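Input: a single structure, listed below in structure tokens.
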Amino acid sequence: MKVEAVRGMTDILPEEALLWQYVEAEIREAVAIYGYREIRTPIVERAELFARGVGEATDIVHKEMYVFPDKKGQMLALRPEATASVVRAYIEHGLHARGGVAKLYYLGPMFRYEKPQKGRKRQFHQYGVEAIGSLDPALDAEVIDLAWYIMERLGLRREGLFLRLNSIGCPEDRPRYREALREYFLPHRERLCPDCQRRLVENPLRILDCKVPTCQEIARDAPRSIDYLCEECRAHFEGLLQYLDALELAYEMDPKLVRGLDYYTRTVFELASRDLGAQDALLGGGRYDGLVEVLGGPPTPGVGFAGGLERLILVLGERDVSHRCYHIIAGPRVYLLPVGKAEVAEALRILATLRRAGIPSDMDYAGRSLRKRLQAAARCGARYALFLGEEELSRSEVKTRDLSTGEEEYVPVGELVDYLKRRI
Ligand code: AMP
């Protein structure tokens, strides 16, 4: 019986993996330039970390998290996002004691039991940054600027993208805003979807990002969170807008942007693509000033974002970026062709030498005819075929063939590395 991959969990095959490597390398370099250093946390965490950090009632935790007991009955979870893990590690290793702002980034697989569709998977990959330790709106602006910089490096035009921005205030502002929303939605209760009828009681903010068309229509004239900000939150938001202007970063105010995680405070944003349709958010983030404390650390503000690699690949895959992957080793440049069994040992020795000299090279192990092997050499993109027959072996030479011109030469084995390095 054939065993297939789990629904919503996708294999990334070699041709596509090349694009992934390119995108990952660009992201790593971009965030390093902004002063972020990598943190790698486990894929499995205690389930309560996300229940407390992300929020028990959020879709991510309530509906989508992969939860399972280990052999001792401890409830564990495959991480659905990484901010809670990064903050846990930040507290656990006392990074707050180092003072200043901790600038951390991550990149890796996340898991959510969602309905798989284009740009939405059950195992997907996120890269993200967390800047922990400052309330300054300049840091929010820097984080947003970094998001744009990543897109620029990947060659995505500014016109094809836009920034959605909102401020949802602090926990002190929330009850007043929640009440205003409740009052607004109550007369429309019957027309809301069943989920939103529940949200109306539990957390009416969630109604704002419901995807059901009638709910969206009802929400169109709902009260806006920015009208319920306290003095400090308003000043913070105005500070951010001023810095975004200084950086010449455009934004669109989106009063419906509340984001699906409980930990957000004040700034929330999404960078979206005009080419992606329904799942258009390339990345999303915001401030989480209460999270460190909720997870047992000292009160410490933070801001960050997370972006999906699948969606970036989707957008980039529609244009030809193969020329940008040139520095990634895509396959052998040299292909060895020992004519018979007697030449295999010498071919292996030559291969080992070429490889140690950094020349990507290979040969056939499937026992195919010389003609078939030569075809394979051309197909894998090699530039040179090296023939090694009885006669060549006796003279310690190989016959090289330039596969683009057909030109052939005899080259002493001892000079091969130099010969090839000069030509490929
Ligand atoms: P979130 O953690 O929900 O704020 O998501 C941040 C970003 O991760 C989104 O903007 C998407 O680019 C990406 N993302 C979230 N969920 C998925 C998923 N199920 N499949 C693919 N990408 C996702």
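The values are calculated or read from the model by the stated rules, or taken from the named source; none is laboratory data. Note that this is a predicted model, so its numbers are computed, not measured. We place every Cβ from the backbone using ideal geometry, glycine too, and count neighbours over all the protein chains shown.
The residue pairs whose first member lies in segment 172-186 and is within 14 Å of residue 208 (Cα to Cα), whose second member is modelled with pLDDT under 95 and among the basic types (Lys, Arg), and whose beta carbons are closer than 9 Å, counting only pairs six or more residues apart or on different chains, are 185/199.
Scanning segment 348-387 for residues being free of Cβ contacts under 8 Å to residues at least 12 places away in the same chain and of a type outside the set (A, V, I, L, M) gives a total of 12.
Listed here are the residues, each with its yes/no results for (1) assigned by TED's automatic domain parsing to the domain that holds residue 276; (2) exposed (fewer than 13 other Cβ atoms within 10 Å of the Cβ); (3) at pLDDT 95 or above; (4) not in a helix (DSSP H, G or I).
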{"site": "347", "(1), (2), (3), (4)": "no, no, yes, no"}
{"site": "350", "(1), (2), (3), (4)": "no, no, yes, no"}
{"site": "367", "(1), (2), (3), (4)": "no, yes, no, yes"}
{"site": "381", "(1), (2), (3), (4)": "no, no, no, yes"}
{"site": "386", "(1), (2), (3), (4)": "no, no, yes, yes"}
{"site": "405", "(1), (2), (3), (4)": "no, yes, yes, yes"}
{"site": "414", "(1), (2), (3), (4)": "no, yes, yes, no"}
{"site": "417", "(1), (2), (3), (4)": "no, no, yes, no"}
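Scan segment 136-165 for residues that are aromatic (Phe, Trp, Tyr) and either part of a loop (DSSP other than H, G, I, E, B) or more than 16 Å from the ligand (Cβ to nearest atom) (or both) and the total you get is 1.
In this structure, is residue 189 within 23 Å of residue 307 (Cα to Cα), away from the ligand (no atom under 16 Å from the Cβ), loosely packed, with under 15 Cβ neighbours inside 10 Å and over 19 Å from the mean Cα position of the chain (by Cα)? So residue 189 does not fit the description; no. When restricted to residues that are within 12 Å of the ligand (Cβ to nearest atom) and modelled with pLDDT of 95 or more, segment 36-63 contains 1. Working only within segment 277-313, note down all residues that are within 30 Å of residue 99 (Cβ to Cβ), in a loop (DSSP other than H, G, I, E, B) and within 14 Å of the ligand (Cβ to nearest atom). The answer is 288, and nothing else. With 130, 179, 183 as the choices, which residue is in contact with a helix residue (DSSP H, G or I) (Cβ under 8 Å, 6 or more places away or on another chain) and not in a loop (DSSP other than H, G, I, E, B)? Selected residue: 130, the only one of 130, 179, 183 that is in contact with a helix residue (DSSP H, G or I) (Cβ under 8 Å, 6 or more places away or on another chain) and not in a loop (DSSP other than H, G, I, E, B). Consider segment 120-135 and keep the residues that are more than 16 Å from the ligand (Cβ to nearest atom) and not aliphatic (A, V, I, L, M). The one that is surrounded by the most Cβ atoms within 10 Å (Cβ to Cβ) is 133.
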